[in-house]
Structure formats: structure tokens, C-alpha cells
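A short worksheet on the structure shown next.
The values are calculated or read from the model by the stated rules, or taken from the named source; none is laboratory data. Every value quoted in this text rests on a predicted model; they were computed, and no experiment measured them. Cβ coordinates were reconstructed from backbone atoms using ideal geometry, including for glycine residues, and neighbour counts include every protein chain displayed. Ligands, DNA and RNA are excluded from the accessible area calculation, which covers all protein heavy atoms including side chains. Shrake-Rupley method; radii C 1.70, N 1.55, O 1.52, S 1.80 Å.
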Amino acid sequence: MINIPSTIRIAFRALRVNKMRSALTMLGIIIGVGAVIAMLAVGTGASKQVEAQISSMGSNLLIVLPGATTAGGVRMGAGTQPTLTLADAEAIRNECPAVAEVGPVLNGIAQVVYGHQNWSTGVVGTTPGMLVVRDWDLSSGRPFTEQDVKNATKVCLLGQTVVENLFGDDDPAGKIIRIKNIPFTVLGVLERKGQSAIGQDQDDTIYIPVTTAQKKVFGTAFPGMIRIVMVKARSAGELAYAEKQINELLRQRHRIGPKQDADFSVRNLTQMMQAAEQSAKVMTLLLGAIASVSLIVGGIGIMNIMLVSVTERTREIGIRTAIGAKTWDIRLQFLIEALTLSLIGGLAGIIIGVSGSKVLSMLAGWPTIVSPLSILMSFSFSGIVGIFFGFYPAYKASLLNPIDALRYE
Amino acid sequence: MALIETRGISRVYRLGDIALKALCEVSLKIEKGEFVSIMGPSGSGKSTFMNILGCLDKPTTGQYLLEGIDVGNLKRDELAGIRNKKIGFVFQGFNLLPRTSALENIELPLLYNGIPVKERMEKAAWALKNVGLEGRGGHHPNQLSGGQQQRVAIARALVNNAPIILADEPTGNLDTKTSAEIMELFVKLNTESNITIILVTHEADIAAYSRRVIRFLDGCIISDEARVKT
């Protein structure tokens with residue numbers, strides 16, 4: 001017959017008697033739990049950031065780059081040999097079954113003027129398909145159409161950063177801005193996307209029809225030239241097929257023999273980003289594992305103190321056993337003491353961990369996310385630590401011979 | 001049926017190769033309501049005998065029947081239950097829990113007997129009153145005199161209505177006057193509540209309070225005589 005509430009009271013009294021020792025023992029658990037929560041928060045924050053960047057880039061993305069030139073044996077970097085054309089982009093869209101949409105790109109830096117404001121930004125000549133490829137909606141206005149591309153009309157879509165710099169609080173829709181001194185009508189404004197994976201401001205951009213860029217803004221080395229093509233596959237599973245189909249199609253279109261090097265390359269952006277995401281997750285795991293070690297060290301601290309406590313209170317255990325405490329009465333008393341230490345430590349650790357990760361994100365500027373799961377996990381883990389490391393001392397206490405224990409000085 | 005009956009119990013301690021016989025073939029009966037003193041020099045086996053009577057130890061051979069039950073066959077926790085309900089211990093060194101109030105000390109046997117809080121409080125208060133320490137329930141052992149501490153220990157032995165009190169030199173740490181008070185308390189409990197009291201002592205004048213004196217020497221009983229109260 002075990003009386004739990006009374007046993008709890010006995011345990012609490014024992015802990016109160018040695019306040020300093022109890023507090024120091026708890027400190028191990030506090031630091032352990034706090035570290036686990038803070039480290040997981042840092043890790044989760046990092047992977048969430050990577051995830052957000054992936055989705056801001058658009059999903060299931062491939063990128064087709066032109067090849068490298070070789071001049072007298074010296075090979076130049078990728079993209080130095082302009083080989084891609086708008087017709088290539090259209091062919092990819094029409095002839096590759098695994099491709100959902102393409103966005104050709106001919107871009108450059110240009111000075112943009114509105115009224116007495118001016119701003120230098122990246123101007124991207126593209127097609128309406130680009131908005132689909134990048135999963136990018138408009139926050140106001142309307143996109144330009146295939147017709148605009150065909151006619152090379154002077155219309156544009158503005159990124160949020162451009163709007164802020166040129167218009168301030170004004171509504172840009174229908175206004176005329178000058179790109180390289182050419183007047184363009186603003187059709188709409190792109191939604192905010194934020195930073196890209198490499199920290200670029202994705203909102204600092206202007207979209208114009210690709211033909212307008214070719215003919216009126218940047219010019220081309222040969223008719224129909226574009227710099228890259230962004231491709232959206234129909235699904236993540238079809239990324240590899242799309243890559244293969246594009247390769248085959250472009251080799252055919254560029255008349256490249258089976259043994260010749262291609263004059264273009266296809267890269268899988270999503271795969272690269274997923275790798276980054278994976279490494280962020282591994283980092284989370286690693287941080288958590290390292291922090292868990294300190295939690296276990298805290299548990300060993302509890303065991304240490306409980307063993308001392310059992311030795312110190314040998315006589316008390318003898319008295320209790322003599323007047324009728326059963327094996328589990330004694331075991332429970334010491335187990336509850338250990339559990340109380342670890343659970344109170346765990347609670348304090350949660351507070352420290354949550355506020356610690358807040359401070360960390362403020363001081364270091366890291367995004368931290370404290371997930372309820374990590375709190376639950378580390379708290380129950382601290383409970384398990386208490387039981388695990390408390391059991392041996394409790395077991396030892398319960399086996400003491402009452403005659404010897406009563407004689408213990 | 002005798003309250004306590006031992007049939008040829010002996011206790012052998014093994015220290016490496018040497019076997020030390022602390023008790024040899026002791027047989028005796030103690031009836032309910034007796035007041036027995038056990039006397040003998042150090043090493044005579046009287047403490048070993050008391051440990052066995054108190055179910056803290058088991059005989060190596062022989063049988064110990066407590067209220068007709070053979071204690072030798074019981075497990076550790078069953079023995080704990082018997083100590084809790086049948087036997088009250090009073091020690092020379094009081095053996096109260098430090099930093100714990102008198103009332104809470106007295107409550108302990110009830111706690112391990114699974115008695116609910118309210119009943120515990122009532123019984124503990126009753127036991128405290130019975131030993132003449134009314135109003136001292138909140139004091140901690142270090143705030144009480146030796147005699148008072150021993151009274152608290154006696155109250156703890158009483159609280160579960162155990163039929164037997166085993167007292168191991170209960171006056172060994174007390175002065176003569178306090179010793180007499182404690183012995184008077186034992187006599188009162190014996191005559192008024194019919195509690196069987198078995199006490200170990202060195203001193204003849206303490207043994208004089210009892211009605212039967214058993215003497216031990218080298219692990220054997222050398223005399224067992226009833227005393228006529230003078």
C-alpha cells in the first residue's frame with residue numbers, strides 16, 4: 001500500500017532541506033533542456049528559412065544555360081556563348097511533355113526614371129509564362145500578354161522594391177516610367193517575394209516582354225537571342241524526364257552530334273535547393289544531439305547527488321524500514337525526489353530555452369522557431385532522465401538492511 | 001497460543017571462513033500482556049534475539065511463531081507489514097527523523113499502513129497525548145529533551161495499536177529521573193492497555209520494573225524467572 005501524496009510530500013521536504021544542493025543539481029537539467037530547445041529552435045529556424053526560399057523561387061524548376069565558348073583553346077565560363085533563342089524556349093514548351101511552362105530571360109541592368117526619382121535595377125525581358133514558372137502573382141494590375149510579346153509593346157511589371165524607390169506611396173498602375181529613356185506603361189505590380197537563397201532582393205526587378213528587351217532595350221548579338229530559359233516541370237517526379245527531354249530536343253535543334261559536347265546545359269535548381277534543405281535538417285539534428293549530451297550529463301549529476309543523499313540518509317532509511325516501509329515505499333520516495341529535481345529543472349529549462357532562443361535571434365539575427373514538439377520532447381526527456389538516473393540510487397536505498405542501516409552513523 | 005514462541009532458534013554469522021554463533025537453540029514463550037526484561041553482558045546474543053523478535057532478522061535455524069505465524073517463511077515486504085502492524089520499536093538513540101516534527105514522526109507507521117490523512121492526524125494526536133506530550137506536536141526532535149524524544153518514539157510505537165513494544169535499552173541515554181519517568185510510562189501502557197513489553201537492559205533497577213527477567217550468556221538463556229513486584 002503506497003501512499004503517493006505523502007511520499008511526494010516527503011520527497012519535497014528532503015529537497016527543501018538541501019536547497020542549494022537541489023538548485024545546483026537542477027542546473028544541470030536546466031542547462032540541458034534549455035540547450036536542446038534553443039539549438040532545435042536555431043536549426044528549425046534555418047530549415048524553415050531555406051524552405052521559404054525554395055518556395056519563393058518557384059517549385060520544380062530547371063534552368064537552361066547557354067554553353068561556354070572556346071577561344072584558341074581557352075574555355076570561357078558557362079553562358080559566354082550565346083546559343084539560346086526564343087524559339088528554343090518555345091520549342092521546349094511545345095515539344096517536351098514533362099514541361100509545364102517556360103520563362104525565357106534576356107536581362108540587364110538599366111537606369112529607370114519616374115518623375116524626379118531614378119533607380120538602377122535588373123530588367124528582365126520574358127514572357128507571361130515566367131509568372132507561372134516562378135509561382136509569382138501580381139499584387140495589383142494585370143500581367144502583359146502573349147500579344148504584348150508578339151508586338152514588343154512597351155509595358156512593364158514592377159517589383160515591390162522598384163515601386164518603393166520610384167513611387168513611394170503612389171499607385172504606379174497606368175503610370176509611364178522610362179527605362180533607358182524609353183517610355184514604358186506600368187501594367188501591374190508583382191507580389192513581394194523577399195530574399196532569394198543567396199540573399200538577393202528578388203523584388204528589385206522589372207519584367208518586360210522579351211521581344212521588347214531584344215529589340216528596344218538591350219539588343220541582341222543575333223536574332224532571337226536570350227540568356228537563359230527557366231523551365232517548370234509538371235511535377236517533382238517529372239523533373240528528371242523534363243531534363244532529359246530538354247537535352248534531347250536542344251541537341252537536335254542545335255545539331256550536335258552524339259559525341260560532341262553540348263553548347264548548353266540544364267541544371268536542376270530544385271534538387272540543389274533540396275540539398276540545402278537537407279543539410280539544414282541534418283544541422284538541426286546535430287545541434288539537438290549535442291545539446292542532448294548536456295541533458296544526459298545533467299542526469300548523471302542527479303544520480304550523483306541521489307547516491308550521496310542515500311548514503312547520508314542511511315539511518316533515516318533504516319528507521320523507515322524498521323517501522324514498516326516496504327521496498328517500493330523507499331524506492332518511490334527517492335525516485336520522486338529525482339523526478340522532482342529533473343522535472344522542475346525541465347520546466348526552468350523550457351523558460352531558459354525559449355527566452356534564450358529569442359535573445360539569440362535578436363542578437364545574432366538568426367531566425368529561430370521554438371516548436372511545441374521540441375518543448376514537449378525535451379520536457380518528457382528530462383522526466384525520463386530523472387527516472388533513469390534516479391532508479392539506481394532508489395534501488396540501492398531499498399535494499400539496505402534495516403539492522404545495519406539503524407547502526408549507521 | 002502464545003503471542004511469541006521461539007522453537008530452538010539459532011543465528012549464525014559468517015565472517016569469511018569463521019562461523020560465529022550468536023544464538024544457540026533458544027526456545028521460549030511470551031504470552032500477551034507480559035512485561036519482560038532481557039539482560040546479559042555485551043555479546044551475549046540479546047540484541048540478536050531482539051532483532052529476530054522484531055522481524056528485522058531471521059533465525060538461521062529454528063522457528064519463530066508470532067501469533068502462530070511462522071515468520072521465517074515470510075518475504076521482505078511481508079516482514080515490513082508485520083513490523084508495521086504488530087511491533088512498536090523504541091531504541092536507545094530514539095531514532096526519530098531529524099528536521100521532522102514530532103507529530104509527523106508519530107504519523108510514519110500510519111503512513112506506511114495506508115491510513116488516510118484525517119485519521120492519521122487524529123491517531124497521532126491521541127498517541128502524543130497518551131505519552132504526556134500534548135501541545136508539543138510541532139516541535140522538531142532537536143527542540144525536545146532526551147526524555148521527550150523518547151516519549152515521541154514511544155508514541156510512534158503506540159500509534160498503530162501494535163500488541164508488542166520492543167525496547168532496546170530505552171533508558172540508556174537518559175538520566176535516572178527521566179529513566180524512571182519513561183519506565184513508569186511503560187508500566188502504565190502494560191497495565192492499562194495490556195501491551196506486551198519486551199525490553200533489553202543492562203541495569204537491574206530498570207529490569208526491576210518488569211515482571212519477568214530472562215538472562216542471556218554466550219547465546220543461551222541461563223535463567224528465566226518471574227519477579228514478584230515489590
>> Connecting C-alpha atoms closer than 10 Å in a GNM of chain A, tell me which of A:V133, A:V113, A:V36 has the biggest fluctuation.
In response: A:V113
>> For region A:1-31 and region A:265-331, what is the centre-to-centre distance using only Cα atoms, to the nearest Å?
In response: 18
> What residues in region B:73-112 lose 50 Å² or more of accessible surface when the other protein chains are added to their chain alone (1.4 Å probe)?
Replying inline: B:R76, B:D77, B:R83, B:N95, B:L97, B:R99, B:L111, B:Y112
> Mind checking the log10 I(q)/I(0) for region A:82-262 at q = 0.09 Å⁻¹? Debye, one equal scatterer per Cα, no solvent, two decimals.
Replying inline: -0.34
> According to a simple spin-label model (label point 7 Å from Cα along Cα-to-Cβ), what is the distance in nm between A:R192 and A:A23?
Replying inline: 4.6
>> In whole Hz and in residue order, list the ³J(HN,Hα) couplings for region A:339-348 that follow from phi through the Karplus curve 6.51 cos²θ - 1.76 cosθ + 1.60, θ = phi - 60°; x for Gly and Pro.
In response: 5, 4, 4, 6, 6, 5, x, x, 4, 4
>> Sequence gap of 8 or more, or different chains, plus Cα separation below 26 Å: how many lysine pairs satisfy both in region A:82-262?
In response: 19
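Quote the charge dipole size of region A:82-262 about the Cα centre in Debye, to the nearest 20; the model charges only the Cβ of Lys and Arg (+1) and of Asp and Glu (-1).
Details: 20 positive and 20 negative charges, 147 e Å.
Using Cβ point charges on Lys, Arg, Asp and Glu, region A:82-262 gives about 700 debye.
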>> Let's see if you can work this out: charge +1 on each Lys and Arg Cβ, -1 on each Asp and Glu Cβ, no other charges. What is the dipole magnitude of the protein assembly as shown about its Cα centre, in debye to the nearest 20?
In response: 160
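Find the Rg to Rh ratio for chain A, where Rh is the Kirkwood radius over alpha-carbon pairs and Rg uses the same atoms. Can you show the working numbers first?
Values: Rg = 33.6 Å, Rh = 26.4 Å.
With Rg and the Kirkwood Rh in hand, the quotient comes to 1.27.
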> Going 7 Å from the Cα of B:Q143 in the Cα-to-Cβ direction, what parts of region B:106-127 have a backbone nitrogen less than 16 Å from that spot?
Replying inline: B:106
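Chains A and B: buried accessible surface, both sides, probe 1.4 Å, rounded to 100 Å²? Walk me through the numbers before you get to the answer.
Values: alone 20530 and 11190 Å², together 29330 Å².
The contact between B and A buries close to 2400 Å².
State the percentage of accessible surface on the protein assembly as shown attributable to carbon and sulfur atoms; use a 1.4 Å probe and exclude ligands, DNA and RNA.
Values: 17050 of 29330 Å².
Ligands and nucleic acids excluded, carbon and sulfur reach 58 percent.
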> Which of these, A:I300, A:I228, A:I319, has the largest mean-square fluctuation under a Gaussian network model of chain A (Cα springs below 10 Å)?
Replying inline: A:I319
> For region A:352-360, what does the Karplus curve 6.51 cos²θ - 1.76 cosθ + 1.60, with θ = phi - 60°, yield as ³J(HN,Hα) per residue in whole Hz, taken in order and with x for Gly and Pro?
Replying inline: 4, x, 5, 5, x, 6, 5, 4, 4
> When the accessible area of each residue in region A:374-405 is compared between its chain alone and the complete protein assembly (1.4 Å probe; ligands, DNA and RNA ignored), which residues differ by at least 40 Å², being lower in the assembly?
Replying inline: A:I403
>> If amide hydrogens are placed 1.01 Å from N in the peptide plane, which non-local residues have theirs closer than 5 Å to the one on A:A100?
In response: A:K232, A:A233, A:R234
> For the protein assembly as shown, what is the mean residue ellipticity at 222 nm derived from helices alone (per DSSP H run of n ≥ 4: -39500 (n - 2.57); sum divided by total residues; nearest 500 deg cm²/dmol)?
Replying inline: -15500 deg cm²/dmol
> In terms of modelled amide H atoms, which long-range or inter-chain residues lie less than 5 Å from the amide H of A:I226?
Replying inline: A:L84, A:T85, A:L86
> Once label points are set 7 Å from the Cα along Cα→Cβ at both A:I182 and A:R16, what is their separation, rounded to one decimal in nm?
Replying inline: 8.4
> Residue by residue through region B:2-13, which ³J(HN,Hα) values in whole Hz follow from phi under the Karplus form 6.51 cos²θ - 1.76 cosθ + 1.60 (θ = phi - 60°), with glycine and proline marked x?
Replying inline: 6, 5, 10, 9, 10, 10, x, 7, 10, 9, 10, 9
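Can you flag which of B:K29/B:K85; A:K326/B:K123; B:K46/B:K75 are past 30 Å Cα-Cα?
From the list (B:K29/B:K85; A:K326/B:K123; B:K46/B:K75), the Cα-Cα distance tops 30 Å for no pair.
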>> Students often forget the sequence filter, so: which lysines lie under 19 Å Cα-Cα from A:K281 once same-chain residues fewer than 8 apart are removed?
In response: A:K48
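Subtract the Cα-Cα distance of A:N118 and A:V132 from 0.36 nm times their separation in residues, and report this length gain in nm to one decimal. Walk me through the intermediate numbers first.
Details: separation 14, 0.36 × 14 = 5.04 nm, distance 2.94 nm.
Gain in length upon complete extension: 2.1 nm.
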> With springs only between Cα atoms under 10 Å, which of A:E312, A:E90, A:E51 fluctuates most in a Gaussian network model of chain A?
Replying inline: A:E312
> Around B:G88, which amide H atoms from residues at least 5 apart in sequence, or from another chain, sit under 5 Å from its own amide H, with H modelled in the peptide plane?
Replying inline: B:I164, B:I165, B:L166
> On a 0 to 90 degree scale, rounded to 10, what angle separates helix A:239-253 from the longest Cα axis of chain A?
Replying inline: 20
>> Roughly how far apart, in whole Å, are the Cα centres of region A:383-399 and region A:109-124?
In response: 71
>> If you count only protein heavy atoms with a 1.4 Å probe, what accessible area per residue comes out for region A:82-262, rounded to a whole Å²?
In response: 47
>> Which residues, if any, in region A:317-338 lose at least 40 square angstrom of accessible heavy-atom surface (probe 1.4 Å) when the other protein chains sit next to their chain rather than the chain being alone?
In response: A:I319, A:R320, A:A322, A:I323, A:G324, A:K326, A:T327
> For the Cα atoms of chain B, what angle does the longest principal axis make with the long axis of helix B:102-111, in degrees from 0 to 90, nearest 10?
Replying inline: 60
> Along the positive direction of the dipole of region A:82-262 (beta-carbon charges: Lys, Arg +1; Asp, Glu -1; about the Cα centre), which of A:A262, A:L190, A:V113 reaches farthest?
Replying inline: A:A262
>> Just to be sure I understand the model, the point goes 7 Å from the Cα along the line to the Cβ. What's the resulting A:F391 to B:E25 distance in nm?
In response: 4.9
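Which FRET efficiency value, to the nearest 0.05, do you get for A:V293 and A:Y241 by plugging their Cβ-Cβ distance into 1/(1 + (r/R0)^6) with R0 = 56 Å?
Values: r = 45 Å, r/R0 = 0.81.
About 0.80, to the nearest 0.05.
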> Quick one: accessible area per residue over chain B, 1.4 Å probe, rounded to a whole number of Å²?
Replying inline: 43
